[in-house]
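Comments concern the structure below.
The values are calculated or read from the model by the stated rules, or taken from the named source; none is laboratory data. Quick caveat: nothing in here was measured; it's all calculated off a predicted structure. Virtual Cβ from ideal backbone geometry, glycine too; neighbours counted across all protein chains shown. Heads up: the accessible areas ignore ligands, DNA and RNA and are worked out on the full protein's heavy atoms, side chains in. Shrake-Rupley method; radii C 1.70, N 1.55, O 1.52, S 1.80 Å.
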Amino acid sequence: SGPNPANPTRILGKGWDTGCANPPQLWGTERAKQIFNLTGSDNVELQCLDVTDHSGCLRGAPGNGCNTTSAPYGAWAVYVLIASDSENFLLKNVKIHGLYGGIRAGRLTDWTLEDSEIVANSFVGWDGDIGASVSSNSGTLMFKNTKVLFNGCGETYPAQEPYNCYSQDQGGYGDGLGTTTSGGHWVFENVDFSHNVSDGLDLLYHNGNGSVTIKRSRFEGNAGNQVKTKANTLIENSVIIGNCGYFANSPRTWNTSTFNNCRAGGDTIALSMHPGVRVDIKNSTITSNGNVIFMSQGADCNGTE
């Protein structure tokens with residue numbers, strides 16, 4: 001941990017202060033559980049890094065699975081970053097790609113991801129479930145100018161192309177960002193959550209202590225729902241294209257005949273209400289080829305929603 005927010009511990013790739021045109025690469029090998037461990041770490045910055053492994057195998061997946069039985073295991077790793085009980089963290093100009101999972105983190109406070117990418121991690125992009133009833137977040141979780149793409153797909157090495165995408169019915173997960181019960185103010189500005197194998201953004205387990213704000217963003221071609229939320233929500237100046245059948249007959253898909261296209265009906269926006277919750281959708285374009293464009297539900301609603 002850094003001593004305070006004004007003096008964080010900083011891990012900086014060369015060129016971090018000149019635009020980060022050619023970030024240095026950190027890569028995991030021999031089934032390393034994670035490359036960064038921020039458990040209990042406050043006041044930390046990671047900037048200007050390319051974090052990956054050097055194998056196209058997919059841990060636990062059908063198709064090109066990784067060797068998990070005997071050493072040498074190969075040049076693959078599991079997660080880029082794990083974290084819990086972590087406050088005031090900045091991830092900027094970092095590309096996270098090609099592993100089993102990008103980030104597995106919960107019990108966070110005031111995290112920011114900026115100018116970063118979470119791409120083609122074969123099981124999940126951001127997994128916010130670190131345990132039932134012990135994963136809730138607080139403060140502000142900010143995503144700015146960030147791409148979350150093709151999670152649930154493997155990544156070829158060294159070409160870095162998404163491939164072997166597999167759905168939940170085939171043993172996968174594939175959310176771009178998913179959580180279990182969580183609070184906090186989640187803010188997404190100028191983000192692109194597209195072509196993930198399940199939901200793009202799943203905040204359907206928000207406990208209502210906080211809000212969800214989406215501005216100037218794009219959600220497209222996720223094979224489940226594009227956006228799911230359960231809190232006071234603002235969606236503004238955004239494009240949400242619910243072509244949940246994007247992976248149907250795609251050469252990127254492991255087995256198109258059993259792939260779950262349009263999971264959970266493929267509803268473009270799924271809204272779940274707490275009592276008194278308000279959802280505002282403004283100046284946005286929203287389309288669907290799933291069940292419906294908007295799905296809403298709620299428990300204990302009292303007419304003030």
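These residues, Lys33, Lys230, go from largest to smallest accessible area, 1.4 Å probe, as Lys33, Lys230. Under the convention that each Lys and Arg Cβ holds +1 and each Asp and Glu Cβ holds -1, the size of the dipole of the stretch 169-305 around its Cα centre is about 160 debye. Between Ser133 and His54, the distance separating the two model label sites (each 7 Å from Cα on the Cα→Cβ line) works out to 4.6 nm.
Using a probe of 1.4 Å, the accessible surface attributed to Leu141 totals some 0 Å² when neighbouring protein chains are kept in position.
For the stretch 122-273, the gyration tensor built on C-alpha atoms gives a prolate shape. Its axis ratio a/c (a ≥ b ≥ c) is at least 1.5, and a/b is the larger of a/b and b/c.
Let me make sure I get this right: for the stretch 193-305, a, b and c are the square roots of the gyration tensor eigenvalues over alpha carbons, sorted descending. Under 1.5 in a/c it's rounded, otherwise prolate if a/b > b/c, else oblate. Which is it?
Working: a/c = 2.44, a/b = 1.79, b/c = 1.36.
Prolate shape, in that a/c is at least 1.5 and a/b is the bigger ratio.
Ordering Asn255, Phe294, Met142 by Cα displacement along the dipole of the chain toward the positive end leaves Asn255 in first place; charges were set at the Cβ atoms of Lys, Arg (+1) and Asp, Glu (-1).
For the stretch 69-192, the square roots a ≥ b ≥ c of the C-alpha gyration tensor eigenvalues yield an a/c of 1.5 or more together with a/b exceeding b/c, which makes the shape prolate. Take the Kirkwood radius over Cα pairs of the stretch 10-118, plug it into Stokes-Einstein at 37 °C and 0.692 mPa s, and you get 226 µm²/s for translational diffusion. Annotation: Trp27 carries an accessible surface of approximately 120 Å², with a 1.4 Å probe and no ligand, DNA or RNA atoms counted. Across the alpha-carbon atoms of the stretch 158-205, the computed radius of gyration and Dmax are 13.2, 39 angstrom. Checking the Cα-Cα distances for Lys147/Lys230; Lys95/Lys144; Lys228/Lys282; Lys95/Lys147; Lys14/Lys95 against a 19 Å cut-off, the pairs over it are Lys147/Lys230. Modelled this way, with points 7 Å down the Cα-to-C-beta line, the labels at Asp280 and Glu305 are 2.0 nm from one another. Of the solvent-accessible surface of the chain, computed with a 1.4 Å probe and all protein chains present, 45% belongs to carbon and sulfur.
A 1.4 Å probe, protein heavy atoms only, puts the accessible area of Ser198 near 0 Å².
With one equal scatterer per alpha carbon and no solvent term, the Debye-computed log10 I(q)/I(0) for the stretch 242-286 at 0.13 1/Å reads -0.47. For the chain, Cys301 stand unpaired, since no other cysteine beta carbon lies under 4.7 Å from theirs. A convex hull fitted to the Cα coordinates of the chain yields 132 cubic angstrom per residue.
Select from Leu234, Leu271, Ala159 the residue farthest towards the positive end of the dipole of the chain; place +1 on Cβ of Lys and Arg, -1 on Cβ of Asp and Glu, and compute about the Cα centre. Going by the charge dipole, the pick is Ala159.
Under 17 Å from a label point set 7 Å out along the Cα-to-Cβ vector of Ser1, no amide N atom of the stretch 159-185 is found. Each Lys and Arg contributes +1 and each Asp and Glu -1, all at the Cβ; summed about the Cα centre of the chain, the dipole is approximately 200 debye. Accessible area per residue for the stretch 119-237, computed on protein heavy atoms with a 1.4 Å probe, is 29 Å².
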